[in-house]
1. Do you know which residues across segment A:1-42 are over 20 Å from B:Met12 (Cβ atoms), part of a loop (DSSP other than H, G, I, E, B) and out of contact with any strand residue (DSSP E or B) (no Cβ under 6 Å at 6 or more places or on another chain)?
2. I'd like to verify a number: residues in segment A:150-187 that are out of contact with any helix residue (DSSP H, G or I) (no Cβ under 6 Å at 6 or more places or on another chain), among the aromatic types (Phe, Trp, Tyr) and within 17 Å of A:Gln124 (Cβ to Cβ), how many?
3. Quick check on B:Leu133: is it closer than 30 Å to B:Gly39 by Cα and either among the basic types (Lys, Arg) or within 16 Å of DNA strand D (Cβ to nearest atom) (or both)?
4. Looking at segment B:52-96 only, could you name the residues that are under 30 Å from B:Lys171 (Cα atoms) and modelled with pLDDT under 85?
5. So B:Glu114 ticks every box in (1) away from chain A (no Cβ under 14 Å); (2) within 16 Å of DNA strand C (Cβ to nearest atom); (3) within 22 Å of A:Arg104 (Cα to Cα) but one. Which box is left unticked?
6. Of the residues in segment B:150-163, how many are within 11 Å of DNA strand C (Cβ to nearest atom) and either in contact with a Phe, Trp or Tyr (Cβ under 7 Å, 6 or more places away or on another chain) or under 19 Å from B:Arg105 (Cβ atoms) (or both)?
7. Just give me the residues in segment A:33-47 being free of Cβ contacts under 8 Å to residues at least 40 places away in the same chain and closer than 21 Å to B:Phe37 by Cα, in sequence order.
8. Across segment A:104-121, what is the number of residues that are more than 14 Å from DNA strand D (Cβ to nearest atom), surrounded by 17 or more Cβ atoms within 10 Å (Cβ to Cβ) and not in a loop (DSSP other than H, G, I, E, B)?
Number of protein chains: 2
Amino acid sequence: MPGFFVDNDEEMEDAVKRILYENTGLKDVFMDQLHSFAGLKRHPKGRILTVAYYALIQLDNTKLKTKPVTNYMKQAKWFPVRNVPELAFDHKQILDLCLERLQRRLAYKPIAFELLPEKFTLTQLQLVYESILNKTLDKRNFRKKMQNYGFLKELDEVQTGVAYRAARLYKLDKRKFLKHFQNNVAF
Amino acid sequence: MPGFFVDNDEEMEDAVKRILYENTGLKDVFMDQLHSFAGLKRHPKGRILTVAYYALIQLDNTKLKTKPVTNYMKQAKWFPVRNVPELAFDHKQILDLCLERLQRRLAYKPIAFELLPEKFTLTQLQLVYESILNKTLDKRNFRKKMQNYGFLKELDEVQTGVAYRAARLYKLDKRKFLKHFQNNVAF
DNA sequence: TCAAAAGTGTTGCGATTACACCCATGA
DNA sequence: TCATGGGTGTAATCGCAACACTTTTGA
């Protein structure tokens, strides 16, 4: 949730990237605009206009070990999204809106795949869906559905380094994904 | 698409209401935030941060005869959304994003009903859906689906002043609508 | 009586749900 | 050999799409 100010001659998206980098050392992440918050009373010192963005990174323990790179960001820490401590100002509302938005967008944007490494197993994919939707899904039905969509490329590779049967790896065919969902508006 | 500046001690939503009023004379409208635009090059005089909102008003010819109420808004005019003249700056992109967003939100927010008078016919409702989705729908299927949702209250009234068989009027039960869609996230 | 729109059912198909066991692997 | 997660099929149900004619009304 930490944010900071956009410089005068800096594009807003570049500021998001810079601030994320300063907080975490992460670069080249997927991000999307969430919503703008401009209430006169949201900050004690007067109106602060926040344009909130979310960024999604690949699940990967090494990434969670990144550290703030500037002094004034030293307090930044990672938390599980369903178990976040008390936040400053209206940041809890921002987070809640973000989770709701992610649930909706999960159905037509490649959100889940931005959270996974390039090659992933179906179980990993299901765990991401379950985390975002905050409910459990049936394994067989989930696999059937994903495989029917036709945007998963089955690889000739399996997981390595696991102490049980290694699972098959898949890749996203982003072109097919987008094609599948671009005109797909239900009502 | 005309916008204007938020005053120093004015809530952003109040500014939207005020500016809409100054442009059209309309008050008490439904509105929702769309997206923020802050590109350094979107305006020749430097960065203008626009927080775009859309407002929805009831389809009603009297409302389209409203006039700008301040001098500097004199050029404001109504256009059909699918037939808009060339727009300034990035306003076409803003409009396009708005239409796309409306299509998505139509499925889980009472968008269609904000565009209708309190009492409406099923044909009017279908026309709103068709306009937003930009495609024709089957009459019987549409009616079946809407009636199955269970959030339409059938009234004991019919249209008046039409030169053909008068259609039955309906009302939205907003509580039931919201209940129906709040937890309804597909994937 | 005519023009215009209101109103109405059925069938086939595809998608979704519910549900439980054997398999492969590394330790 | 055991613990762990990988991988698989079927039947019932539900929702969606396709499709055309009769009814009502005011002019």
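The values are calculated or read from the model by the stated rules, or taken from the named source; none is laboratory data. Please read all numbers here as calculations on a predicted model, not as lab measurements. When we count neighbours, we look across all protein chains shown, and the Cβ atoms used for this are built from the backbone with ideal geometry, even at glycine.
1. Of everything in segment A:1-42, those that are over 20 Å from B:Met12 (Cβ atoms), part of a loop (DSSP other than H, G, I, E, B) and out of contact with any strand residue (DSSP E or B) (no Cβ under 6 Å at 6 or more places or on another chain) turn out to be A:Met1, A:Pro2, A:Phe4, A:Asp7, A:Asn8, A:Asp9, A:Glu10, A:Glu11, A:Gly25, A:Leu26, A:Lys27, A:Asp28.
2. Residues flagged as out of contact with any helix residue (DSSP H, G or I) (no Cβ under 6 Å at 6 or more places or on another chain), among the aromatic types (Phe, Trp, Tyr) and within 17 Å of A:Gln124 (Cβ to Cβ) within segment A:150-187 amount to 3.
3. Against the criterion (closer than 30 Å to B:Gly39 by Cα and either among the basic types (Lys, Arg) or within 16 Å of DNA strand D (Cβ to nearest atom) (or both)), B:Leu133 qualifies.
4. Answer for segment B:52-96, where residues must be under 30 Å from B:Lys171 (Cα atoms) and modelled with pLDDT under 85: B:Leu59, B:Asp60, B:Asn61, B:Thr62, B:Lys63, B:Leu64, B:Lys65, B:Thr66, B:Lys67.
5. It is condition (2) that B:Glu114 fails.
6. 2
7. Within segment A:33-47, A:Gln33, A:Ser36, A:Ala38, A:Leu40, A:Arg47 meet the criteria.
8. 5
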